[in-house]
Amino acid sequence: MEDLILDFYDQQAPIPMDSKTQKLIILYVFEQMSIPLAEATVLDICTSDNSWLTYMDCKQFLSELIETNLIYKVPKSECLNITQDGISCLSLFFTRVPIHIREDIKEYAKNNRLRYKRRQSYFCDYSKNADGSYTVIMKINNDSSTLMEMKLVVANRQVAKYIYKSWVDKASKIYEQIHDTLID
């Protein structure tokens, strides 16, 4: 039984690789996702959703890639993206990333790109007010600016949570309705 447990954990642990290969994995994720990504998103993709890197290594390598201008912080955003130098570096050395990891990254990007783009484009949060009501803040962002921001005061946490959970699915339709109503 103990061997089965150890085998399970061995399968979940990232494959040991040198730091250069691990940085190339991060660059490859950006290249395959083809969208700016929040740091937390990159950490999730590389560590908890997939076991390509450890959390601490990924965090450190993101900082180093920013310092070396292979990744940059998108202005007026919390997102990061690959630079032209990062693309050039990746094109020269992408074969150092094991082929099975490259295939995993390609497949993951294909299946999840739209979900991450929507999650980053449609922001929602809520907070409790002094009178016991809740303020829900909803935003629609593009890569560099906020297209729409709306604050809604609701009576209780249950309603705030419902709006929070449904915002991503309804944001584009709400934006379209508001836009069309104001333009007509």
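The values are calculated or read from the model by the stated rules, or taken from the named source; none is laboratory data. As the structure is a prediction and not an experimental result, all values here were calculated from the model. Every residue, glycine among them, receives a Cβ derived from its backbone with ideal geometry; neighbour counts consider all protein chains shown.
Pick out the one residue from Ser91, Ser77, Ser63 that is of a type outside the set (Asp, Glu) and not in a helix (DSSP H, G or I). The unique qualifying residue is Ser77. Among the residues of segment 29-41, those that are crowded, with 22+ Cβ neighbours inside 10 Å and in a helix (DSSP H, G or I) comprise Val29, Phe30, Met33.
Just to be sure, is Lys106 loosely packed, with under 14 Cβ neighbours inside 10 Å and either in a strand (DSSP E or B) or assigned by TED's automatic domain parsing to the domain that holds Ala38 (or both)? Working first, answer last.
Values: loosely packed, with under 14 Cβ neighbours inside 10 Å: yes; either in a strand (DSSP E or B) or assigned by TED's automatic domain parsing to the domain that holds Ala38 (or both): yes.
So Lys106 passes the test.
Kindly check whether there is at least one residue in segment 120-127 that is farther than 27 Å from Asn50 by Cα and out of contact with any Leu (no Cβ under 6 Å at 6 or more places or on another chain).
Applying the first criterion (farther than 27 Å from Asn50 by Cα) to segment 120-127 yields 126-127.
Of the ones still in play, those that are also out of contact with any Leu (no Cβ under 6 Å at 6 or more places or on another chain) are 126-127.
Within segment 120-127, one or more residues are farther than 27 Å from Asn50 by Cα and out of contact with any Leu (no Cβ under 6 Å at 6 or more places or on another chain).
Conditions (1) of a type in the set (Val, Ile, Thr); (2) closer than 13 Å to Ile101 by Cα, marked per residue:
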site	(1), (2)
Gln22	no, yes
Ile45	yes, yes
Phe61	no, no
Leu70	no, no
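Return the residue satisfying two criteria in turn: it lies in segment 118-167 and is in a helix (DSSP H, G or I) and under 20 Å from the mean Cα position of the chain (by Cα), and of such residues it is nearest to Leu80 (Cα to Cα). Looking at the filtered set, the residue picked out is Gln120.
Mind checking whether some residue in segment 114-124 is out of contact with any strand residue (DSSP E or B) (no Cβ under 6 Å at 6 or more places or on another chain) and at pLDDT 90 or above? No: zero hits.
If the condition is being exposed (fewer than 11 other Cβ atoms within 10 Å of the Cβ) and modelled with pLDDT under 90, then segment 133-164 contributes Asn142, Ser145.
For segment 61-106, enumerate the residues that are of a type in the set (Val, Ile, Thr) and free of Cβ contacts under 8 Å to residues at least 40 places away in the same chain. Passing the criteria: Ile66, Thr68, Thr83, Thr95, Ile99. When segment 42-60 is examined, which residues are found to be touching a residue at least 12 places away in the same chain (Cβ under 8 Å), in a helix (DSSP H, G or I) and among the aliphatic types (A, V, I, L, M)? Hits for segment 42-60 are Val42, Leu43, Ile45.
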